[in-house]
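The values are calculated or read from the model by the stated rules, or taken from the named source; none is laboratory data. This one's a predicted model, so the numbers in the text were calculated from it and none came from an experiment. Heads up, the Cβs are rebuilt from the backbone with ideal geometry, glycines too, and the neighbour counts pull from every protein chain shown. Keep in mind that these areas ignore ligands, DNA and RNA; they rest on the heavy atoms of the full protein, side chains included. Shrake-Rupley method; radii C 1.70, N 1.55, O 1.52, S 1.80 Å.
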Amino acid sequence: VDHVEGYLREKFDALDAFLCHTWAVTVTGAPKTWAIQFVEDMENSPRCWYGGAVGLVGFDGHLNTGLTLRTIRVKNGVAEVRAGATLLYDSDSLAEEEETELKASAMMNAIIQKSGAIDTDSSDVAEEDDGVGVGKSIILIDHEDSFVHTLGNYLRQTGADVHTLRSGASALAAIEKMCLDGNKPDMIVLSPGPGNPSDFGLSDEIELLTKHNIPGFGVCLGLQGMFEHFGGDLGVLDYPMHGKPSPVMQTSDGLKEGSIFEGLPDTFEVARYHSLHGIKSTIPDCLEILALTEDDIVMGIRHKTLPFAAVQFHPESILTSPSHGMAILENAMRYLNPVGEAVTKGAADAEAIIGDLNSLSVAQLKEKLSTAELGASGTKDELIIKLVLLSSTREEVKTGSLNLDNMTVPELRELKQGLGLKGTTTNKDQLISALKQCLEI
C-alpha cells in the first residue's frame, strides 16, 4: 500500500485536490473518457465491483479519503477478494493471470494474518523559486486526457497562472472574449487526448491562436493537430506505443539556440502514449523537425514563422525525466513569443498594421509577399502575420537595431528562413544581398 501526500497551491482547496485525482484514476489505470465509454458500449453485462473509497469532508474544509483497491468484502459469511491485471496491446495473458493471483494473495493472507503498521514520513515542501512563467497567463485546453492535471501542475511550477478549459465551442468563445477584453493569454497549451485531432477541432483552435498571435505549445495530440493543420499527413504506428519509454535524438534544428530542447542532452528518454504520428515525409514546408526516434518517428516540431511548437511524447510523464520535462515547458514559455514582439519597439503600432492588412484580400496579401519574394502559402491570418514580421524586421534594420553585416551566416540563414524568403544562397554575401533586397534596403 502506498501513502501519498500532496500540498495544495494557493487558491485551491480540498475538493480541487479530490477532483484532480479521484480514486477511479488509480483503480482503472488512468482511463480516458473515451475508453470508459468504449467498455460500456462493447460489453454485454456490467462488471462486478472492483474497488471503491471511503472518506469524509470535515467542517474545517479538510478532506480525508482512502482508496479501497485492495479490499475484502464479507457478505453472508463469505470473504470475497477481487484483483485485476494490466491490459495492454502487448499483454501476456499468462503473466497477467499470475499478476491477479499475486495481488489477491496479499488479501487472502490478510484474512488470517495481522498486517503490520505502515510507517510514513512526510517530507518538507521545497520553496519554489521564481520561474520563467511568473506573471504569465496560460490556457490549457483539455482534450479529455487523463494527464491534463499533471501537465497543468508542471506548468504551474514555472510560476504561471494556469486555467484549464474543456475543448469545444465554449473554450474558443472564452478565449475570444479574453482577447477582446484585453486579457489575451500569453500561451495556449494543446493537451494530449484520444482519437484524431479532428475529433476535438484542433484546427479551429490553431486558427484562433494564429488569428490573435498567441503562442501555442502542443503535447501528443497537440503535435498531431499542428502537423495536420499545416498540411502534413498522419499515420498509424505498426506497434502502438502506450506507456512505452523511447530514446529520442535531437535534429540539427532541435540543437539550435532557442529550441524547446535547449539545455537537454542530444539524446534523452521520453514517455510515449500514442499510435498516431506525423508522417515525416509529408512534413509541411512551414514546419521543422526538432527530434526523432531511432526509427524516424517525429517527436518534436516547430513552426518556422509562427510561435508554435509541439512534442509527440509526454513531458509531464514520470517516464520522461521530470527535469527534462520541466526544461521543455520552460523553454516553450521562454522562446515562443508572439510574432513581432521582440522587434516592434520603435516601429509603427502592430495593431494598426494588422488592421490595414485585414482590409486587404487574400490575393492582395499574396501579391505583397510575392513582391518581396516570400512564400505566399497559408490562410489569411498566416499571410498577415508574415507581412507583420516583414514590416517589423524592415523597421528594425532601418533604425539600426539589426545590422545584417554583423550577423553570422547561421543567424542570416535563420532570419531568411523565418521570413520565408525563397531562393538559394551559398555564401554570406548572397544571404545579405537577398535579405536587403527583400527588406528594401
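Potential lengthening of the chain between Val134 and Phe59 amounts to 23.6 nm, from the contour at 0.36 nm per residue minus the alpha-carbon distance. Compute the angle between helix 362-371 and the longest alpha-carbon principal axis of the chain, please, reported from 0 to 90 degrees and rounded to the nearest 10. Between the helix axis and the principal axis of the chain, the angle is about 60 degrees.
Can you give the angle from 0 to 90° between the axis of helix 322-335 and the longest principal axis of the chain, with both taken from C-alpha atoms, to the nearest 10? Value to nearest ten degrees: 30.
Hey, what angle do you get for helix 380-398 against the long axis of the chain, alpha-carbon based, 0 to 90 degrees rounded to 10? Taking Cα atoms only, the helix is inclined about 60 degrees.
Rounded, prolate or oblate: which fits the stretch 350-422 when a ≥ b ≥ c are the square roots of the eigenvalues of the alpha-carbon gyration tensor, with rounded for a/c under 1.5 and prolate only if a/b beats b/c? It comes out oblate by the Cα gyration axes.
Surface calculation, 1.4 Å probe, protein heavy atoms: Thr282 sits at approximately 40 Å² accessible.
Over the chain, with the other protein chains present, what is the accessible area per residue in square angstrom, probe 1.4 angstrom?
Result: 54 Å² of accessible area for each residue.
Stretching Ser377 away from Ala14 to a fully extended chain increases their span by 125.6 nm, per 0.36 nm per residue minus the current alpha-carbon distance.
Applying a 10 Å radius around every beta-carbon, put 135-146, 287-298 in order of their mean neighbour count, most first.
Taking the mean over residues of other Cβ atoms within 10 Å, the ranking is 135-146, 287-298.
Calculated mean residue ellipticity, 222 nm, the chain: -11000 deg cm²/dmol, from DSSP H runs (n ≥ 4) at -39500 (n - 2.57) each, averaged per residue and rounded to 500. Heavy-atom surface analysis with a 1.4 Å probe gives the chain a carbon and sulfur content of 51 percent of its accessible area. Extension gain for the segment Glu176 to Leu87, taken as residue separation times 0.36 nm less the Cα-Cα distance, is 27.9 nm to one decimal. Each peptide in 388-396, 222-230, 238-246, 260-268 gets a packing score, the mean of other Cβ atoms within 10 Å over its residues, and the list from highest to lowest is 222-230, 388-396, 260-268, 238-246. Radius of gyration over Kirkwood radius for the chain, both on Cα atoms: the Rg/Rh ratio is 1.04. Between the stretch 238-296 and the stretch 402-435, the alpha-carbon centres lie 27 Å apart.
Please state the shape class of the stretch 272-336: rounded when a/c is under 1.5, otherwise prolate if a/b exceeds b/c and oblate if not, all from the C-alpha gyration tensor. Oblate, since a/c reaches 1.5 and b/c is not below a/b.
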